[in-house]
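Report on the following structure.
The values are calculated or read from the model by the stated rules, or taken from the named source; none is laboratory data. Here the structure is a predicted model, which is why all the values come from computation and not from measurement. Neighbour counts are summed over all protein chains in view; Cβ atoms, including those assigned to glycine, are modelled from backbone coordinates with ideal geometry.
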Amino acid sequence: MKTYIAFIRGVNVGGKSLLPMKTLVALLENLGLQNVKTYLQSGNAIFQSQEKDAPVLSRKISAEIKKSRGFEPGVLLLELAQLEKAAKSNPFPEAVSEPKTLHLNFLASLPLNPDLEALNSLKSKSERFLFKGDIFYLHAPAGIGRSKLAANAERLLGVPMTGRNWRTISEIIAKAKTYR
């Protein structure tokens, strides 16, 4: 049985795409997923499944949410080892002391033509980023709410992405490790 971490994109943000976590747990359990746990109200779930094909399972979860809730969010599934590798590859280790300022944005696919020049032109003096494989690391000490870089990164990379701050990544890794 595999342990998966699901990052469900854009739920419970600004009163839109509402998906209570109790509903998410029930929905995932109805799909036959086991040991379902959620973290926060922003679409983070950890569970186990016999399904070996993450993209197939991701599409099933997204379709079930559409059937149940009327909207079809992007669902990114990672195995614990993938999330741990992303965390270990953090290019800004000094930023972990302020975990809300460090963000890992997971891309739905590899960008074909990312506009790195435009990304560089948007970053403030305090911001740093690194685009590495299918992860866009962002350190935004002033917060992402004011960041032009954060607001435009997805468009300039050219692929959907979903992000979580370092605190969330760390907590999810700790919870997922209990499945071992």
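For region 7-30, give me each residue that is buried (at least 18 other Cβ atoms within 10 Å of the Cβ) and within 18 Å of HIS103 (Cβ to Cβ). So that I can check it myself, show each step before the final result.
Initial filter on region 7-30 (buried (at least 18 other Cβ atoms within 10 Å of the Cβ)): 7-9, 11, 17, 19, 21, 24, 27-28.
Result: PHE7, ILE8, ARG9, VAL11.
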Hits in region 73-86 (condition: in contact with a helix residue (DSSP H, G or I) (Cβ under 8 Å, 6 or more places away or on another chain) and loosely packed, with under 15 Cβ neighbours inside 10 Å) | GLU79
Select from region 31-72 the residues that are in contact with an Asp or Glu (Cβ under 7 Å, 6 or more places away or on another chain), assigned to a helix (DSSP H, G or I) and touching a residue at least 12 places away in the same chain (Cβ under 8 Å) and write down the one among them that is surrounded by the most Cβ atoms within 10 Å (Cβ to Cβ).
-> ILE65
Filter region 91-128 down to residues that are without any contact (Cβ under 8 Å) to a residue 60 or more places away in the chain and under 20 Å from ASN44 (Cα atoms) and give me whichever is surrounded by the most Cβ atoms within 10 Å (Cβ to Cβ).
-> LEU107
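Residues checked against (1) at pLDDT below 95; (2) at negative phi; (3) of a type outside the set (Asp, Glu):
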position: ALA95; (1), (2), (3): no, yes, yes
position: LEU102; (1), (2), (3): no, yes, yes
position: SER109; (1), (2), (3): yes, yes, yes
position: ASP115; (1), (2), (3): no, yes, no
position: ALA118; (1), (2), (3): no, yes, yes
position: LYS125; (1), (2), (3): no, yes, yes
position: LEU156; (1), (2), (3): no, yes, yes
position: SER170; (1), (2), (3): no, yes, yes
Could you tell me whether any residue of region 100-110 is touching a Pro at 6+ places or on another chain (Cβ under 7 Å) and under 23 Å from ALA142 (Cβ atoms)?
-> yes
Taking region 123-170 and keeping residues within 19 Å of LEU110 (Cα to Cα) and of a type in the set (S, T, N, Q) leaves ASN152, THR162
Inspect all residues belonging to region 21-35 and state whether any of them is out of contact with any Ser or Thr (no Cβ under 8 Å at 6 or more places or on another chain), within 27 Å of TYR137 (Cβ to Cβ) and not assigned by TED's automatic domain parsing to the domain that holds PHE106.
-> no
